[in-house]
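Report on one structure; see the data block that follows.
The values are calculated or read from the model by the stated rules, or taken from the named source; none is laboratory data. Remember, predicted model here, so these are calculated numbers, not experimental data. Quick reminder, even Gly has a Cβ in these numbers, built from the backbone with ideal geometry, and neighbours come from all protein chains shown. To get the accessible areas, we keep the full protein, side chains included, count just its heavy atoms, and leave off ligands, DNA and RNA. Shrake-Rupley method; radii C 1.70, N 1.55, O 1.52, S 1.80 Å.
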Amino acid sequence: MRRKKIHYGDQPSQFGHLYLPERGPAECAPLVVLVHGGYWSTEYSLVINTPVARHLAQRGAAVWNIEYRRVEETGGGWPGTGRDVVAAIRALEGPVAEQLAIDGVKVDRKNVAVVGHSAGGQLAVWAVAQTDARAGGFRIATVVPQSAVLDFTGGASDRPSVRRLMGVSFEEAPDRYAAASPACQPPFDALVAAVHTADDASVPIELSRRYVEGAAARGQRAVLYEVPGEGHDAFVDPRSAAHRQTLRVLGI
């Protein structure tokens, strides 16, 4: 397994780690984009996804584990944080594809998955909606929000972390919250396969249940997998049932 650092912009946090699996030149690897969580704050970075990225690469996937500007950074907060994730996805058709070609790694461009945990799940679903599940010749087939904050207009609107991200209260700018909310995005041509831990004390499972129900009503393909017996942070542990459920969704 090899890891390459790739910049998709000129700001310090506009980069990602590309993990390359050991595969023969004729083999086609699945491609997974990882969007880390952590309250959209610089208290957390892409390294919390390193064990997951390494495990996916060991199982034969090419993994683009991305960083983005967070609330405390210049240009971070909303909408800059979301725009960074869009740019990182669009970099698949650009610096990521170029590095894959240099290293001789062939990937399945028509079946890309974007996986985001917690705050990263909000960013993943929102960003894929903005790109209409396309990045040049790459097609995003599946988005996996893991115990994610998927609606900014309901109960999550009063969360301190959401307000810090938005820079204003919901009462002051409800349209701004709706524009950032995955639950308010138009349908796009990909499956949203939400995975949520049933014992999650940080993000209640009801958020994912309501999102999937509402998404289906809007014409978005969406499904929910509930994982019993584990909490919010299980997704960053490759030994967890939550991670195994994600592997099953990805087919890896």
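Among the listed residues Q122, Q185, identify the single one that is of a type in the set (S, T, N, Q), open to solvent by 10 Å² or more (accessible area, probe 1.4 Å) and closer than 25 Å to V96 by Cβ.
Q185
Only residues that are among the acidic types (D, E) and assigned to a helix (DSSP H, G or I): list them for segment 102-133, please.
D103 - this is the single residue of segment 102-133 that is among the acidic types (D, E) and assigned to a helix (DSSP H, G or I).
Report yes if V195 is out of contact with any strand residue (DSSP E or B) (no Cβ under 9 Å at 6 or more places or on another chain) and open to solvent by less than 40 Å² (accessible area, probe 1.4 Å), otherwise no.
Spelling it out, it is not the case that V195 is out of contact with any strand residue (DSSP E or B) (no Cβ under 9 Å at 6 or more places or on another chain) and open to solvent by less than 40 Å² (accessible area, probe 1.4 Å).
State which residue pairs qualify: first residue over 19 Å from H196 (Cα atoms) and inside segment 107-134, second residue open to solvent by 10 Å² or more (accessible area, probe 1.4 Å) and aromatic (F, W, Y) in any location, beta carbons under 6 Å apart, and separation of 6 or more residues or different chains.
So the pair list comes out as A129/F188; D132/F188; A133/F188.
Mind checking whether some residue in segment 155-166 is in a loop (DSSP other than H, G, I, E, B), modelled with pLDDT of 95 or more and open to solvent by less than 30 Å² (accessible area, probe 1.4 Å)?
no
Specify the residue that is farthest from H55 (Cα to Cα); the eligible residues are those in segment 207-232 that are assigned to a helix (DSSP H, G or I), open to solvent by 60 Å² or more (accessible area, probe 1.4 Å) and in contact (Cβ under 8 Å) with a residue 12 or more places away in the chain.
R218
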